[in-house]
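Just so you know, all these numbers are worked out from the coordinates, no wet-lab data involved. The structure presented is a predicted model; accordingly, all values stated were derived computationally and were not measured. When we count neighbours, we look across all protein chains shown, and the Cβ atoms used for this are built from the backbone with ideal geometry, even at glycine.
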Amino acid sequence: AGSDNVMQVNNKEEFRGKKAAIAAALQGNQIDDDTNLEVNEVEEVIGEDGIMLSPYPKSRLKRWEEAPFVKPEADGLPGEMGKAVNIPIEQEKLMLDKFQENQFNLLASDMISVNRSLTDVRFEKCRDKSYPTLLPTTSVVIVFHNEAWTTLIRTIWSTINRSPRPLLKEIILVDDASEKEHLGKKLEDYIKTLPVPTHLFRTENRSGLIRARLLGAKHVKGDVITFLDAHCECTEGWLEPLLARIVEDRTTVVCPIIDVISDTTFEYIQASDMTWGGFNWKLNFRWYRVPEREMARRGGDRTAPLRTPTMAGGLFAIDKDYFYQIGSYDQGMDIWGGENLEMSFRVWQCGGRLEIVPCSHVGHVFRDKSPYSFPGGVQNVVLHNAARVAEVWMDEWGEFYYAMNPGALNVPVGDVSERKALRERLKCKSFRWYLENIYPESQMPLDYYYLGEIRNSETSNCLDTLGGKAGQPLGMGYCHGMGGNQVFAYTKRKQIMSDDNCLDAAHPRGPIKLIRCHGMRGNQEWTYDSKTRTIKHTNTGMCLDKPETGDVWKPVLRPCNRSRGQQWLMQVDFKW
Ligand code: LR7
Ligand code: MN
């Protein structure tokens, strides 16, 4: 990059022309014609939005034939076409026992063919799309710890059955110190019978999924690395759109739409194409609705790549060289968690992009609980990983993370100097840039009047979410000054927020609930008067009042009366 052959583009028209030329050149039938643009002469193109496009080097692309998916003969087992499997009542006890092992319905999974058929869940327009006849090859990397046999093998077969064979270089399995018999010799023997080269590597000790993926990546011989969890099912046409997008821009990290395989019935359920990735104050990955802004940028085309602020982390494709160029993964992260946000922030802040390609669908078994052990304790591991993200990538919002999650201060974060050096070396942009340009919808404090506790003048108690989820009533508690559930943000949209929930009142006499912020004012608009210290609910004209004697920990709405119970102190100088 940055050499003489960087193509300068001066206006949008010219840009479209060049882009078309590249697209044409990538169609195999024209590629040997010297009058056409040589793709590997072009290193970077300035995109319409000022972000560089880096087309894939031509020399590494491979001709592939669009081989129709030959569905292995239906074997009459349950669950075909992605249908739900129902367990007969007399097997219910067995089902519940087996559920404990993987936190999904193993009995159902074991009844389904490892080659089961699925419906074609794509938009019609996706089915009609044609992709360049030259694409890079990929190695599919699957890491696992104590995965069940049938879910793992179904992941493998769905990859083999539904990927154009010339593009699937190999499958790389990484066993992260599993203790299950079936993942030993039985697996080694089984993979020798597969029609696609499949290699198995094992970590010496339990390493966690991050270091396990690094081990797998080291052995990759394909041009693109595609990561999958060990309980997935790829659908027809899943791979081509991912690879095609990387060809247009090799600094794009691409995710499929992640459909839901039910943990109780193994039904294949199509996920919305209108969700993207975000994160909350605890730095947990969360799905949110795609804003209008991004729909408009795509010209309303629901099959166009969707720029997402973050990714879930388990299912994505990335050019192998780019994977290393952008800093692969943080070796210092253990077991599970955090690496998905770390990579998301890093890719955006360091000049790449992160997208969901809606024409690619892969199913994943979502479960409520983790089935395996977390050496060191779940909380410690998750806080350790998240703190590393906060310290390296989030600048002053890193401090905010600690203020919201004081528990993280007691967990050693380890040495992050190498990751900070990486950030320097890649000349990455600030977290503020990320919040302002990539994720302006986030609930991270950016444009706020106040951030901190909200203390009642009469009782000296503070508003408190009590850790409640969306839909729960707002509470109060002794002010503890420890952040967390007693920190609220009073935003320029006049919302009072805690994480992604807002104080919401639907009736003049309450109750006041925590409801997912909708940003549409309505029941979530409050006016704070710093002179009278009242918090007035716009829709009802009522004032926030201290709790009544009956329910001493629930604040209420009352007609405004200037009493001390209706005075609230918002701490302006909250430090984070
Ligand atoms: O110590 C471990 N070693 C492993 O090899 C722990 C886990 N693993 C394996 C595990 O067997 C599995 O194949 O790593 C893979 C992911 O672990 P899961 O399935 O327990 O994770 P998850 O699906 O609950 O969590 C999501 O977030 C994780 C954060 O670290 C990873 O990024 C997962 O890949 C990711 N999964 C997805 O993105 C699928 C969609 C889920 C959502 C939202
Ligand atoms: Mn998973």
Practice prompt. Alpha carbons only, please: Rg and Dmax for the stretch 273-418, in angstrom.
Written response: 16.2, 48
Worksheet item: When the Karplus curve 6.51 cos²θ - 1.76 cosθ + 1.60 is applied with θ = phi - 60°, which whole-Hz ³J(HN,Hα) does each residue of the stretch 422-429 get, with x for Gly and Pro?
Response: 4, 4, 4, 4, 7, 6, 6, 7
Fill in: Degrees, to the nearest 10: 239-248 long Cα axis against longest axis of the chain
80 degrees
Practice prompt. Using only the alpha-carbon atoms of the chain, report the extent along each of the three principal axes, biggest first, to the nearest angstrom.
Written response: 80, 71, 47
Response to the item:
For the stretch 487-535 the mean separation of alpha carbon contacts under 8 Å (6+ apart) over residue count, i.e. relative contact order in percent, is 31 percent
Worksheet item: Taking one equal scatterer on every alpha-carbon of the stretch 422-503, how large is log10 of I(q)/I(0) by Debye at q = 0.14 1/Å?
Response: -0.57
Item to complete: Among K62, K129, rank each residue by its count of other Cβ atoms within 10 Å, from fewest to most, as a rough exposure measure.
Response: K129, K62
Worksheet item: A177: net charge of surrounding residues, Cβ under 9 Å, Lys/Arg +1, Asp/Glu -1, itself excluded?
Response: -2
Practice prompt. Take every Cα pair under 8 Å in the stretch 132-204 that's 6+ residues apart, average their separations, divide by the length, and report that relative contact order as a whole percent.
Written response: 38 percent
Fill in: Positive-end residue of T155, I454, G541, charge dipole of the chain with Cβ unit charges
G541
Worksheet item: Once the piece of chain linking I89 and K218 is laid out straight, how much longer is it, given 0.36 nm per residue of separation minus the C-alpha distance between them?
Response: 41.7 nm
Item to complete: Using Cα pairs closer than 8 Å and at least 6 residues apart in sequence, work out the relative contact order for the chain, in percent.
Response: 11 percent
Worksheet item: Considering only V378, I326, A304, whose Cα is most displaced toward the positive end of the charge dipole of the stretch 273-403, charges sitting on Cβ of Lys, Arg (+1) and Asp, Glu (-1)?
Response: A304
Worksheet item: Would you list T265, T549 from fewest to most Cβ contacts within 10 Å?
Response: T549, T265
Worksheet, complete the sentence: Short to long, in 10 Å steps from zero, the percent of alpha-carbon pairs of the stretch 470-575 per bin is 15, 50, 33, 2
Response to the item:
Computed from the beta carbon distance with a Förster radius of 30 Å, FRET efficiency for F201 and Q325 to the nearest 0.05 stands at 0.85
Practice prompt. Let me have the 222 nm mean residue ellipticity of the chain computed from DSSP H runs of 4+ only, each contributing -39500 (n - 2.57), with the sum over all residues rounded to the nearest 500.
Written response: -7000 deg cm²/dmol
Fill in: Using alpha-carbon coordinates, inclination of helix 378-393 to the longest axis of the chain, degrees
90 degrees
Worksheet, complete the sentence: So V378 and N437, fully extended at 0.36 nm per residue minus their Cα-Cα distance, gain in nm 17.9 nm
Discussion item. Let's see if you can work this out: charge +1 on each Lys and Arg Cβ, -1 on each Asp and Glu Cβ, no other charges. What is the dipole magnitude of the chain about its Cα centre, in debye to the nearest 20?
Written reply: 1520 debye
Fill in: Backbone N within the stretch 136-160 under 14 Å of label point (7 Å from E181 Cα along the Cβ vector)
149
Worksheet entry | Nearest-ten-degree value, helix 12-26 long axis tilted from longest Cα axis of the chain | 40 degrees
Practice prompt. Output the pairs from K62/K129; K83/K169; K469/K531; K320/K427 with a Cα-Cα distance over 23 Å in this structure; if there are none, say none.
Written response: K83/K169; K469/K531
Worksheet item: What list do you get for M444, M295 if you sort them by fewest beta carbons within 10 Å?
Response: M295, M444
